[in-house]
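Encoded as structure tokens, the structure appears first; notes follow it.
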Amino acid sequence: MLFAQSSVFPASGVQTIVSNPIPKNMNIHEYQGKDILRKFGVAVPRGIVAYSPEEAKQAAEQLFEELGCPVVVVKAQIHAGGRGKAGGVKLAKSPEEAFEIARQMIGLTLVTHQTGPEGKEIGRLLVEEGMNIEKEFYVGITLDRSTSKNVLMVSTEGGMEIEKVAEETPERLLKIQIDPLFGMQGFQAREAAFFLQLQGEQFRNAVTFITALYNAYIAIDAAIAEINPLVVTKEGKVLALDAKINFDDNALYRHKDFLELRDTNEEDPFEVEASKSNLNYVRLDGNVGCMVNGAGLAMGTMDIIQLAGGKPANFLDVGGSASPQTVEEGFKIILSDKNVKAILVNIFGGIVRCDRVAGGIIEAAKKIGLHLPVIVRLEGTNAPIAQQMLDDSGLNLIAAKGLRDAAQKVQEALIAS
């Protein structure tokens, strides 16, 4: 899910580069999410993180000794789902077996349906107590933007992609809208547990679990809290076998301790670099770089590129004010992608004048030595002046009049390349 918000810059038009930037759409590892949930009374299995085969063996020894469990689970910690099917989750019946599994996993590139063909390298593991599982369910909480309310979702189909369940068997998915004025009510948690057809102790534990999960979701300003699967054991326990926590980056300033959980090794290096300059950047697999101000305009620009016969190489929102600094950083990041053959700059000069934006583009182009064709479409205050500035710059900057003209010139640039 993409949560793209425009950055806000000072009135002077000079971007503030913060020393500890707030990442966009920050993910954390499973074990980190479970550690957070545990603090709010959400039931999770006992687990220990390991960075080496030796640490995995020690963790297994500790769990076997303290809990007396028959098996432990060794789980690859990467920011992607589908680990089990890809061989990233295995059972160990002894510390020695945990050591051998960890030796094979750490350093391995794991390819799942969410990593893409390039996969992700495993750098850490979660060694966790095994569960005597009877049933598997799904529970998740996120914001429903169509109603401006949080929505609790539960499904009898645990361990599956919830999008697939919603499309193919919607009757197995229950959505409960939660009024932000009142929060989750007891009857709503009970309705969810009834939907899962639980009874007795399992029912009571599920109500407690769902209530605690919602309290955690609110307290940590999460964008999504997803438990897939939620398991019910034969002893009646209800626990989070997996946990995905995604934070609302607009609220991370209230939780600066969470920033320490960031693992930049799991992120695209271009996106990490963009976050240092407060740029909203998502790398794609196309050949046309785009630089836009405003998330909605950026999405429209990507459509224009596609219609022109190209493929967008990125989503890049430089925010409401495009200063020379932001433009320069944006160009640097776009040019780092060797697949880019042309660049489309699409700026609406509402907050900032178009001639100031054009000046920033010209200054940045001279400074970094642009060698690719750059199509620039500027609309808004002083747009004619800005277009004349681009025409007179003597640089490889091609002014476009409107979206249709911009699309045509993108196509011409691709053909020429």
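Where a number appears in this text, it was derived from the coordinates with a stated rule and is not lab data. These figures come from a predicted structure and were not determined experimentally. Every residue, glycine among them, receives a Cβ derived from its backbone with ideal geometry; neighbour counts consider all protein chains shown.
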Thinking of the chain as a set of Cα atoms, what percent of all their pairs are more than 34 Å apart? 42 percent
What's the FRET efficiency of Phe40 with Asn339 using the Cβ-Cβ distance as r and R₀ = 45 Å, to the nearest 0.05? 0.55
So which trypsin sites (Lys or Arg not before Pro) in the range 121-213 end up in coil per DSSP with only 11 or fewer other C-beta atoms within 10 Å? Arg145
How much length, in nm to one decimal, is gained on full extension between Leu395 and Met299, taken as 0.36 nm per residue of separation minus their Cα-Cα distance? 31.8 nm
Charge dipole (debye, nearest 20) of the range 354-396; +1 at Cβ of Lys and Arg, -1 at Cβ of Asp and Glu: 160 debye
Round to the nearest 0.05 the FRET efficiency obtained for Phe195 and His255 when R0 = 25 Å and r is the Cβ-Cβ distance. 0.20
At q = 0.17 Å⁻¹, what is the base-10 log of I(q)/I(0) for the range 46-129 according to the Debye formula with one equal point scatterer per Cα and no solvent? Please give it to two decimals. -0.58
Note to self: Kirkwood Rh of the range 137-230, Cα pairs, one decimal, Å, is 13.3 Å
Rounding to the nearest 20 debye, state how big the charge dipole of the range 309-392 is about its Cα centre with +1 on each Lys and Arg Cβ and -1 on each Asp and Glu Cβ. 240 debye
DSSP bridge orientation in the range 269-416 - percent antiparallel, rounded to nearest 5: 20 percent
Please name whichever of Ala192, Ala342, Leu239 sits farthest to the positive end of the charge dipole of the chain, dipole taken about the Cα centre and charges placed at Cβ: Lys and Arg +1, Asp and Glu -1. Ala342
Quick shape check on the range 269-416: root eigenvalues a ≥ b ≥ c of the Cα gyration tensor, a/c under 1.5 is rounded, otherwise prolate if a/b tops b/c, else oblate, and it reads rounded
Might you report the magnitude of the Cβ-based charge dipole of the range 109-261 about its Cα centre, with Lys and Arg at +1 and Asp and Glu at -1, to the nearest 20 debye? 380 debye
Potential lengthening between Gln62 and Lys311 on full extension [0.36 nm per residue; Cα-Cα distance subtracted]: 84.5 nm
If we sort 288-301, 364-377, 110-123 on the protection proxy, mean other Cβ atoms within 10 Å, highest first, what's the order? 288-301, 364-377, 110-123
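Full extension from Gln408 to Gln185: what is 0.36 nm times the residue separation minus their Cα-Cα distance, to one decimal in nm?
Values: separation 223, 0.36 × 223 = 80.28 nm, distance 5.52 nm.
Full-extension gain reported as 74.8 nm.
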If each of Lys276 and Ala166 carries a label point 7 Å out from its Cα toward its Cβ, how far apart are those two points in nm? 3.6 nm
What 222 nm value per residue comes from the helices of the chain, counting each DSSP H run with n ≥ 4 as -39,500 (n - 2.57) and dividing by all residues, nearest 500 deg cm²/dmol? -11000 deg cm²/dmol
